[in-house]
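Just passing along the structure, written as structure tokens.
The values are calculated or read from the model by the stated rules, or taken from the named source; none is laboratory data. On a predicted model such as this, the values are computed, not experimentally measured, just so you know. Please note: Cβ atoms are built from the backbone with ideal geometry, for glycine as well, and neighbour counts cover all protein chains shown. Note: areas computed on protein heavy atoms with side chains; ligands, DNA, RNA excluded. Shrake-Rupley method; radii C 1.70, N 1.55, O 1.52, S 1.80 Å.
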Amino acid sequence: LAWCVEKLIFTPLLALVLINMKNLKKGAEEIADGNLQYQVKLPDLVGDFRRHGETLNRIGDGMQVALEQKMQSERLKTELITNVSHDIKTPLTSIINYVDLLKKEGMDSPNAAQYLDVLERQSARLKKLTEDLVEASKASSGAINVVKAPTNVQVLLEQTVGEFEERLSAKEIQVVLSPCEEQCVILADGRLLWRVFDNLMSNICKYALPGTRVYLSMENTGSAIRITFKNISAYPLNISGEELMERFVRGDRSRNTEGSGLGLSIARSLTELQGGVLEIQIDGDLFKSVITIPALTQE
């Protein structure tokens, strides 16, 4: 009788264990074969088998995310190569063509001055692109020496605005600077932070709608300093903020505007090197850059 009772109890349990193991085995095999969408049926599992099934499902989800990130990285690498080639080829072709014209017509040609002007402009563009490429590479790899010191954000931002006053006035862009009510001091490399501000202001000068206002504000949240740049774009922003942060991407996708498209990427890398975060927020034609850097706490 005891033997029969034991079999009646343990046989169903053994069957349940075998069924659970079979379900887990099938899930593991599906994921191993590349079917990352497969989900182990959790209602059919009990106890530790259910927890193991949940783990398998999370592994599949994690691998799916990793695969998507890798595909995006490969796509961006392809776009980077294509866009770098395009941006280098354009001024280089102009230089070659105008040098050829000078050879044919000679320096005594009435067009020589015009040709030299184009050569100077395109050479400067090619030089700027090369410098931006080198700086972007150094910034993204962290191969830049960062010397942090107490830095007053408000003073540095006011100095940057002063540097761009002439360019902003030429496009009839008015700057509205909202000072920080509290002291905005951070531990940062003033030289690198100025370059971040310089890139963002340069971006505004190139792409902001003429005759509009640019709003710059600072806020001390206690633990961090938040610096916000807001402007109205002159071009339709048919792209997400994250895509716009990638190298050689412009908001209008037309690739016929000035600049290399590296400014935002460099600014983000330099911000991260100083322990901060740069976010891009787009709402219609409103373009917003938000820098958040830990505040310097007074002991």
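Tell me, yes or no, whether the stretch 170-185 has at least one residue that is modelled with pLDDT of 80 or more and assigned to a helix (DSSP H, G or I).
Within the stretch 170-185 (the criterion being modelled with pLDDT of 80 or more and assigned to a helix (DSSP H, G or I)), the answer is yes, since at least one residue qualifies.
Continuing with the same structure: Looking at the structure I just gave you, is N238 at pLDDT 80 or above, open to solvent by 10 Å² or more (accessible area, probe 1.4 Å) and under 19 Å from the mean Cα position of the chain (by Cα)? Write out each step before concluding.
Numbers: at pLDDT 80 or above: no; open to solvent by 10 Å² or more (accessible area, probe 1.4 Å): yes; under 19 Å from the mean Cα position of the chain (by Cα): yes.
When the stated conditions are applied, N238 does not pass them.
So, S123, is that one among the hydroxyl-bearing types (S, T, Y), open to solvent by 50 Å² or more (accessible area, probe 1.4 Å), in contact with a helix residue (DSSP H, G or I) (Cβ under 9 Å, 6 or more places away or on another chain) and not in a strand (DSSP E or B) or not?
When the stated conditions are applied, S123 passes them.
One line per residue, one yes/no per condition, for (1) out of contact with any Lys or Arg (no Cβ under 8 Å at 6 or more places or on another chain); (2) at pLDDT below 90; (3) open to solvent by less than 60 Å² (accessible area, probe 1.4 Å); (4) closer than 29 Å to R125 by Cβ:
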position	(1), (2), (3), (4)
F197	yes, no, yes, yes
T221	yes, yes, no, no
A234	yes, yes, yes, yes
V249	yes, yes, yes, yes
T257	no, yes, yes, yes
G261	no, yes, yes, yes
S269	yes, yes, yes, yes
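Just give me the residues in the stretch 135-154 being in a helix (DSSP H, G or I) and open to solvent by 70 Å² or more (accessible area, probe 1.4 Å), in sequence order. If you could, list the steps in order and put the result at the bottom.
Taking the stretch 135-154 first, the residues in a helix (DSSP H, G or I) are 135-141, 153-154.
Scanning the stretch 135-154 gives K138, S141.
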